[in-house]
Amino acid sequence: MKLKGRHWIAVWLVALLAALWIVIARQTASLNAARALTDLREERASLEGRRADLERRVRTGQSRAVLLPRAQKLGLRLPADTEIILLPTQSEPSHPPEPRERQ
């Protein structure tokens with residue numbers, strides 16, 4: 001069976017509509033992805049601001065100006081110079097261990 005002119009027009013019209021539908025679907029998906037990316041960037045900026053605030057609060061809380069009054073309320077005091085003992089730590093062994101002899 002040979003297709004006549006109007007059938008060819010219908011086939012090409014369906015092909016054109018399918019191609020246009022694919023383009024529209026792809027553009028819609030990309031717009032949704034762009035919106036999601038924008039939302040994630042805004043959320044990241046908000047979280048980075050919150051992190052900076054928390055880090056600042058931690059640094060402030062660790063400062064001597066904050067810790068000293070709190071320690072004094074608990075009955076603690078600063079040690080005298082003679083009460084401070086520095087313990088040396090060894091980050092690496094000064095010499096590698098000797099290999100054991102097999103028996």
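Restricting attention to the stretch 31-62, the residues that are among the hydroxyl-bearing types (S, T, Y) and surrounded by fewer than 10 Cβ atoms within 10 Å (Cβ to Cβ) total 0.
Has the stretch 67-76 got at least one residue that is over 16 Å from the mean Cα position of the chain (by Cα), surrounded by 10 or more Cβ atoms within 10 Å (Cβ to Cβ) and outside any helix (DSSP H, G or I)? Within the stretch 67-76, one or more residues are over 16 Å from the mean Cα position of the chain (by Cα), surrounded by 10 or more Cβ atoms within 10 Å (Cβ to Cβ) and outside any helix (DSSP H, G or I).
Laboratory data are not the source of any read-out in this text; all were calculated from the coordinates shown. Quick caveat, the model's predicted, so the values are computed rather than measured. No Cβ is skipped: glycine too gets one built from the backbone with ideal geometry, and neighbour counts run over all protein chains shown.
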